[in-house]
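A quick write-up on the structure given underneath.
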């Protein structure tokens with residue numbers, strides 16, 4: 001077979017890529033093509049030096065006074081303000097705190113309360129069956145405790161028609177974690193508001209991946225993840241944003257000292273701090289925050305080169321190229337594209353399914369690819385746990401990948417399939433963690 | 001004046017101190033006497049090397065596969081099992097998760113639910129007015145949402161008499177953050193159980209400071225902090241322990257993927273994991289966890305030397321020495337001891353108040369002491385916000401302090417008072433953060 005993609009042409013694309021110098025800002029494992037930046041973003045080169053400084057100088061030498069002198073006490077807001085620039089939010093509207101799930105709990109509770117404690121008329125939290133499972137867990141918990149009802153549509157396109165006067169909250173992840181389906185945030189937010197619902201967007205698979213305009217879309221709540229496209233390191237804290245027109249009307253139940261309006265008064269009574277600061281809780285993990293700041297700073301270095309618009313443009317081209325290769329492979333192997341074909345409906349990763357006889361070997365195929373130095377990941381196929389084929393997922397992140405990497409990854413995939421490498425016993429081991 | 005304490009005698013005590021070699025395991029700021037390990041524990045020497053490894057090798061080189069290969073997925077339980085050894089708990093009973101406050105929320109919710117959703121007979125959460133304020137905030141939140149009632153006694157000794165058939169939960173911090181008053185965990189837990197109440201102990205100021213016997217005292221719930229005596233670094237995650245006789249009867253509302261019984265099934269339905277794993281929520285901050293593990297490992301190096309019993313014994317001697325010095329100073333200056341005089345009723349720090357004319361200069365006195373290289377901290381005096389004098393607090397941690405440090409710290413305090421250094425304008429600046 002001929003190569004799927006003309007490698008020389010890819011090298012040429014890389015030569016004219018304005019973002020290519022930023023690749024040097026990341027530590028990328030030698031000889032690997034890392035297509036999993038949507039699961040755990042790679043390490044920015046500045047991060048380890050920064051952490052050594054935080055550990056040895058701020059913690060080790062200056063100890064407790066670093067809460068002031070090194071600005072630890074304001075670090076969550078400082079990083080929040082930087083993330084805000086990536087998602088169309090303003091100063092002091094977004095804060096880093098806790099985890100995505102816990103921030104979602106705060107948002108769901110707040111939204112439910114403002115929709116009225118008596119839910120006789122509006123009792124539905126509307127989402128989709130293929131929303132990220134842990135978002136649904138939190139919604140189920142809120143329903144369990146506060147009498148709301150979770151309604152899940154089977155297909156993202158059904159959200160609009162499911163909007164009714166009974167819907168209190170629309171809870172969606174902007175980019176689907178499996179398919180990369182990209183919701184129209186502006187349209188859904190508008191239609192939800194027309195129907196009297198509030199909207200919570202989970203930006204875990206979109207913040208740092210594509211331009212987001214939270215204020216322009218008049219979104220109500222957003223939460224997101226620090227360790228995917230923001231490259232904040234494993235388990236980096238999450239973030240929460242609340243529209244300024246709402247934030248001071250709201251409360252959440254996780255009353256901590258940092259959400260108190262006077263954290264240093266040590267008073268026994270509680271009054272929530274104004275603004276998004278009231279959505280913190282306990283002391284944030286400073287080492288993990290410091291790493292997150294480096295991840296965001298590294299992304300922000302793309303601003304003079306066009307920022308998120310330019311990042312999105314390149315990521316779309318990378319994914320289009322990948323899809324062209326998959327379509328080529330589809331002539332010889334039973335592969336189908338799970339992600340939307342058109343770039344504007346797709347986030348920053350591409351998912352495929354192996355069909356027919358290959359389907360049952362999906363996990364082994366990914367293991368064989370990983371052994372060749374191409375790291376994607378594997379996701380179970382069906383949220384309803386029936387027998388849909390499993391999914392192979394490839395993150396195509398603009399700042400860390402070259403066009404030639406895409407060509408090479410596709411060539412590896414072709415070889416794995418052609419040589420049936422997935423049959424080797426070492427790749428047939430049972431899956432542990434993905 | 002003569003020296004308050006015989007320095008040569010202190011040097012002698014240090015020479016015969018079996019724990020003294022462990023001081024070398026910590027990075028202590030040159031020329032400083034750090035009496036604030038109860039606020040932010042100092043940096044263990046191993047921590048920065050460990051973090052460099054986690055960042056460069058586990059995250060940087062191995063990326064997402066480190067969830068398996070480096071054991072990230074089990075790290076919270078692994079560290080939990082190490083902390084368990086310090087607090088009298090068993091394997092897989094205690095887990096590191098979120099923050100102390102969020103763990104307290106889970107514990108309060110669980111305890112309230114098991115006491116019966118209908119609280120007509122038992123509706124009181126009993127605590128003390130001088131409990132750590134953020135513990136009270138969380139209790140107030142739970143009361144606000146679930147119809148319980150917070151009852152605060154003015155004096156720790158009043159807890160026993162306040163126990164009644166109306167009390168659902170007793171919520172106490174074992175060692176008071178201001179006075180260092182040490183509750184009798186065994187007695188109060190027993191009496192609370194006799195009255196039909198459940199007990200939640202906050203170990204933030206006792207875990208790693210003194211021996212704790214959670215199982216022996218048949219405690220119901222415990223939560224605690226990673227950044228004080230456990231030396232896990234600024235904002236290190238907290239921990240939660242639940243008695244095995246209770247844990248599988250309970251649920252909490254923070255339904256995350258890591259509290260799911262099959263985290264990797266990606267199913268849309270939620271079933272809580274058995275045991276303490278069900279008390280995690282989202283992805284934990286791995287960098288901060290790695291630092292916490294080093295802090296706990298460093299403490300555990302005292303095990304062959306007698307462990308927490310030996311640590312407690314030395315800490316009591318350090319504090320007795322400090323109190324002897326304060327009593328000496330009291331002959332010339334208006335100072336009073338806030339902490340219990342007897343070692344067995346006192347945690348691991350000593351608090352004093354300046355009285356009379358000196359009282360209003362408490363903050364400036366601490367600033368003058370810090371400028372001399374003696375770091376303690378300052379706490380507002382009165383949780384009821386009346387006009388009690390403010391508190392100067394000194395942590396006396398066994399592994400990082402020598403007896404001679406105590407002698408020198410006292411000498412500095414004497415000089416600050418004698419020379420009225422607190423009058424210098426640079427120490428009169430308004431307090432920012434403590």
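Computed over segment A:150-207, relative contact order equals 42 percent, with contacts defined as Cα pairs under 8 Å that lie 6+ residues apart.
For segment B:202-223 versus segment B:78-136, the spacing of their alpha-carbon centroids is 11 Å. Could you check which residue among A:261, A:357, A:345 shows the biggest mean-square fluctuation in a GNM of chain A with a 10 Å Cα cutoff? Top of the fluctuation ranking is A:357. Does segment B:151-239 come out rounded, prolate or oblate, given a ≥ b ≥ c as the square roots of the eigenvalues of its C-alpha gyration tensor, rounded meaning a/c under 1.5 and, failing that, prolate meaning a/b above b/c? Because a/c hits 1.5 or more and a/b exceeds b/c, segment B:151-239 counts as prolate. In this assembly of identical copies, the label point of residue B:359 (Cα plus 7 Å along Cα-to-Cβ) is separated from its counterparts by 8.0 nm, sorted shortest first. Remark: the Cα gyration tensor places segment A:265-353 in the prolate category, a/c being 1.5 or greater and a/b exceeding b/c. Highest-first packing order for the peptide set B:192-204, B:99-111, A:262-274 is B:99-111, B:192-204, A:262-274, based on the mean count of other beta carbon atoms within 10 Å.
Rounded to the nearest 5, the antiparallel percentage of DSSP beta bridges internal to chain A is 55%.
Can you tell me how chain A classifies by the Cα gyration tensor, rounded, prolate or oblate, using a/c under 1.5 as the rounded cut? Oblate. Normalising the average separation of contacting C-alpha pairs (under 8 angstrom, six or more residues apart) by the number of residues puts the relative contact order of chain B at 21 percent.
When only alpha carbons are used to place a centre, segment A:312-344 and segment B:247-282 end up 36 Å from one another.
With its label point defined 7 Å out from Cα along the Cα-to-Cβ axis, residue B:194 lies at 6.8 nm from the matching points of the other copies, in increasing order. Averaged over peptide B:135-144, the number of partner chain Cβ atoms lying within 10 Å of each residue's Cβ comes to 5.
Peptides A:210-218, B:167-175 ranked from most to least packed by the mean count of surrounding Cβ atoms within 10 Å: B:167-175, A:210-218.
For A:83, B:73, the sequence from fewest to most other C-beta atoms within 10 Å is B:73, A:83. Ordering B:247, A:406, B:404 from the fewest to the most neighbouring beta carbons within 10 Å gives B:404, B:247, A:406. Note on A:64-70: average number of Cβ atoms from other chains within 10 Å of each residue's Cβ is 5. Here is how the number arises for the protein assembly as shown: DSSP H runs of 4 or more residues each give -39500 (n - 2.57), the sum is divided by the residue count, and the result at 222 nm is -10500 deg cm²/dmol. As a proxy for reagent exposure, A:241, A:59, A:257, A:9 were ordered by neighbouring Cβ count within 10 angstrom, fewest first; the result is A:9, A:257, A:59, A:241. Computed packing ranks the peptides A:302-310, B:64-72 as B:64-72, A:302-310, most packed first, by mean other Cβ atoms within 10 Å. Divided by 2.2 N^0.38 Å, where N counts the residues, the Cα radius of gyration of the protein assembly as shown comes to 0.98. For peptide B:234-241, the mean count of partner chain Cβ atoms within 10 Å of a residue's Cβ comes to 5.
Dividing the mean sequence gap of close Cα pairs (under 8 Å, 6+ apart) by how many residues segment B:48-300 holds gives a relative contact order of 24 percent.
DSSP bridge analysis restricted to the protein assembly as shown gives an antiparallel fraction near 55%, rounded to the nearest 5. For residue A:264, the distances from its label point to the matching points in the remaining copies are 4.7 nm, ordered from shortest, with each point set 7 Å beyond Cα toward Cβ. If you run the Gaussian network model on chain B, springs between alpha carbon atoms under 10 Å, then out of B:393, B:15, B:178 the most flexible one is B:15.
Just so you know, all these numbers are worked out from the coordinates, no wet-lab data involved. Predicted model, so just to flag it, every value in this text is computed and none were measured. In this analysis, Cβ positions are derived from the backbone assuming ideal geometry, glycine residues included, and neighbour counts consider all displayed protein chains.
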